[in-house]
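Heads up: the structure comes next, in structure tokens.
What follows draws every value from the coordinates through simple rules; no lab data is involved. Computed from a prediction, not measured in an experiment: that's the story for all the values here. Counting neighbours? That spans all protein chains shown, and the Cβs are built from the backbone with ideal geometry, glycine included.
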Amino acid sequence: MLEGRSLIEPGNFSLEETEGLFALAEKIENDDTFLRGSCGGKLLATLFFEPSTRTRLSFEAAMLRLGGSCLGFADPGSSSAAKGESLADTVRMAASYADAIVMRNPKEGAALLASRYSPVPVINAGDGGHHHPTQTLTDLLTIRRLRGGVKDLVVGYCGDLKFGRTVHSLAKALSRYENISMIFISPEELTPPEYIVRHLQKSNVEFREIRSLEEAMPHLDVLYMTRVQRERFFNEEDYIRLKDTYILNEEKMALGKKELVVLHPLPRVNEIAVEVDDDPRAAYFKQAKYGMYVRMALLSSILGVSGA
Ligand code: CP
């Protein structure tokens, strides 16, 4: 049962619970009327201390489609955080008005802290370079829909794997599935953090780290491209030096398998050339739409109205 539960990182829900959400999301996708109106009278607080398009809007769309309402802020400058209010107090206030909280914050661990002060469920919509578990639900649902299941796959992650919270959450979540091997493609400076490497080792996941996207392409079933994130760098020079290390274009796509699925959490900057958008293997816009269905499944479950 997910009713009343927070989601801070992918491991908070069991594999069975996660799969249950996907089954629910698929029902919602296939039947426009399923769960419509089920969140009538419920309120969702969206507290975004960092910019967002997909996560915030898809959560709001999900809540509105379920018949609920939303309140919150997209700019911390318009909240009392700008006057020095602590995160704990902001969360206490939101919890006294709303039935659930979705929060994005630049500080790693902020969502966990928020969940300790909140009597209502807290969903982590990204905490710094740490985790982004609802993006992972989106990614897994997309893989499941486009590959017919999540097993027997070689998954490549490319770009900023050090600060890329979507990569950390997805790698951790995929380590629970059968026969998944991973290739991490990044510059030396942006390799995955030690805690992710240790987790994969402990979970007996086969993985390797390489520098060349061309070398990886022929082996991949799923390619997860990511943006080099200017906002995570302390030094602008390093960002400029690394930002265009990998650019997926038609030439590189020609090295990939016919059934390859190309994902990207978005937003993209230069790392996927627009010419790739017309390739049938480019799935990143579909992926963003699956995000709304899985967030509908998540909200209806934690608010106890899904019947699951
Ligand atoms: N994927 C994702 O988190 O996108 P936004 O930053 O637009 O929410």
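Note down the magnitude of the dipole of the chain about its Cα centre, charges +1 on Lys and Arg C-beta and -1 on Asp and Glu C-beta and zero elsewhere, to the nearest 20 debye.
Numbers: 37 positive and 42 negative charges, 147 e Å.
About 700 debye.
Rounded to the nearest 20 Debye, what is the dipole magnitude of the range 31-153 about its Cα centre when Lys and Arg each give +1 and Asp and Glu each give -1 at the C-beta?
For this selection, approximately 220 debye.
Give the percent of DSSP beta bridges with both residues in the chain that are antiparallel, rounded to the nearest 5. Could you put the intermediate results ahead of the total?
Values: 1 of 35 bridges.
Around 5 percent of the beta bridges assigned by DSSP in the chain are antiparallel ones.
Just flag the trypsin sites (Lys or Arg not before Pro) in the range 1-47 sitting in loop per DSSP whose Cβ has no more than 14 other Cβ atoms within 10 Å.
On the way: sites: R5, K27, R36, K42; in loops: R5, R36, K42.
Loop-located and lightly packed - R36.
Can you put K172, K107, K258 in order of Cβ neighbours within 10 angstrom, beginning with the fewest?
Going from least to most buried by this count: K258, K107, K172.
Would you list H131, H199 from fewest to most Cβ contacts within 10 Å?
So the residues, fewest neighbours to most, are H199, H131.
Could you give the semi-axes, largest first, of the ellipsoid that matches the range 78-162, computed as the square roots of 5 times the alpha carbon gyration tensor eigenvalues and rounded to whole Å?
Values: eigenvalues 206, 49, 17 Å².
They are 32, 16, 9 Å, listed from largest to smallest.
Please list, in order along the range 98-104, the HN-Hα scalar couplings obtained from phi with the Karplus expression 6.51 cos²θ - 1.76 cosθ + 1.60 (θ = phi - 60°), rounded to whole Hz, x for Gly and Pro.
10, 8, 7, 10, 10, 10, 10
Kindly put R147, R116 in sequence by how many other C-beta atoms sit within 10 Å of each C-beta, fewest to most. Let's see the in-between values first.
Details: R147 16, R116 10.
Ranking R147, R116 by Cβ neighbours within 10 Å, fewest first, gives R116, R147.
With an 8 Å Cα cut-off and a minimum separation of 6 or more residues, compute the relative contact order for the range 182-308 in percent.
Over the range 182-308, the number comes to 22 percent.
Whole number please: convex hull volume per residue, Cα atoms of the range 74-126, in Å³. Each step should come with its number before you reach the end.
Working: hull volume 4.0 nm³, N = 53.
Given the Cα convex hull of the range 74-126, per-residue volume reads 75 Å³.
Where does the chain land at 222 nm, in deg cm²/dmol rounded to the nearest 500, when only DSSP H runs of n ≥ 4 count, each adding -39500 (n - 2.57), divided by all residues? Don't skip to the end; give the middle numbers.
Details: 11 runs with 115 residues, N = 308.
Result for the chain: -11000 deg cm²/dmol, rounded to the nearest 500.
Step through the table entries K202/K257; K27/K286; K42/K289; K27/K289; K162/K243, compare each Cα-Cα distance with 19 Å, and write down the pairs that go over it. If you can, show how the numbers build up before the last one.
Details: K202/K257 30 Å; K27/K286 17 Å; K42/K289 23 Å; K27/K289 15 Å; K162/K243 13 Å.
Beyond 19 Å between Cα atoms: K202/K257; K42/K289.
Over the chain, what is the relative contact order in whole percent, taking alpha-carbon pairs under 8 Å and six or more residues apart?
21 percent
Could you work out the relative contact order of the range 65-119, using alpha carbon pairs under 8 angstrom and six or more residues apart, expressed as a whole percent? Before the final figure, lay out the partial values.
On the way: 22 pairs, mean separation 17.0, N = 55.
After rounding, I find 31 percent.
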